[in-house]
1. Only one of these conditions is not met by Gly70: (1) at pLDDT below 95; (2) crowded, with 17+ Cβ neighbours inside 10 Å; (3) within 16 Å of ligand 1 (Cβ to nearest atom). Which number is it?
2. Output the residues belonging to the range 1-18 that are in a helix (DSSP H, G or I) and among the hydrophobic types (A, V, I, L, M, F, W, C).
3. So in the range 22-65, with the set limited to residues that are without any contact (Cβ under 8 Å) to a residue 12 or more places away in the chain and not in a loop (DSSP other than H, G, I, E, B), which one is surrounded by the fewest Cβ atoms within 10 Å (Cβ to Cβ)?
4. May I ask you to list the residues in the range 141-162 that are within 9 Å of the chain's Cα centre (by Cα) and either part of a loop (DSSP other than H, G, I, E, B) or within 12 Å of ligand 1 (Cβ to nearest atom) (or both)?
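The values are calculated or read from the model by the stated rules, or taken from the named source; none is laboratory data. Remember, predicted model here, so these are calculated numbers, not experimental data. Cβ sites come from the backbone with ideal geometry, for glycine too, and all protein chains shown count toward neighbours.
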Amino acid sequence: MNLTTKERLLLEDQKTHEELCIQKYTNYANLTSDPQLKGMFNNNANIEREHLNTLNQILADQVPQMNQQGSSNQQQQQSQQNQQQGSFMPQGNTQDYKNSDKDLCIDMLSTEKYVSGTYDTAIFEFTDPGARQVLNHIQKEEQQHGEGIFNYMQSNGMYNPQ
Ligand SMILES: [Fe+2]
Ligand SMILES: [Fe+2]
């Protein structure tokens with residue numbers, strides 16, 4: 001597979017995004033004191049590392065096999081998040097989460113939303129169907145990261161969509 005200049009530039013951009021995600025998730029895992037959020041951030045950081053490796057493989061003209069990219073870790077993580085804590089809020093004005101944790105979640109949710117969008121745009125420029133599939137798989141995982149954060153926020157009363 002000979003990558004076009006445009007494909008190479010797009011892959012380099014995505015590498016920058018993945019590096020940013022790794023850095024943010026790693027830093028934020030250290031900033032939060034909630035073990036559940038820490039676990040999710042560390043888990044996501046690992047998946048972003050896999051994404052970065054995959055991008056490097058494509059740049060080296062090696063499109064990875066799709067079925068080797070299991071993320072069973074992530075599935076476990078998500079079912080953990082689904083344990084319903086309901087939208088219970090303690091009496092009075094105290095909230096059951098830290099504002100700093102909410103800020104971390106909002107930042108990561110925005111970042112994932114942006115990165116997912118850039119994968120979507122990049123995919124349209126690829127000539128190789130295998131590369132498209134791999135990028136599509138990564139994009140799906142970015143959406144799963146967003147879903148995990150969304151669910152965490154919802155179950156902790158940080159976000160109540162009407
Ligand atoms: Fe990623
Ligand atoms: Fe992600």
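1. (2)
2. To start, the set of residues in the range 1-18 that are in a helix (DSSP H, G or I) comprises 5-18.
Residues satisfying the conditions are Leu9, Leu10, Leu11.
3. As a first pass, look at the range 22-65 and keep what is without any contact (Cβ under 8 Å) to a residue 12 or more places away in the chain: 23, 27, 30, 35, 38, 53, 57, 60, 62, 65.
Next, only the ones that are not in a loop (DSSP other than H, G, I, E, B) stay: 23, 27, 30, 35, 38, 53, 57.
Working: Gln23: 12, Asn27: 12, Asn30: 11, Pro35: 8, Lys38: 16, Asn53: 12, Gln57: 13.
Only one residue fits best here, namely Pro35.
4. Within the range 141-162, Glu141, Glu142, Gln143, Gln144, His145, Gly146 meet the criteria.
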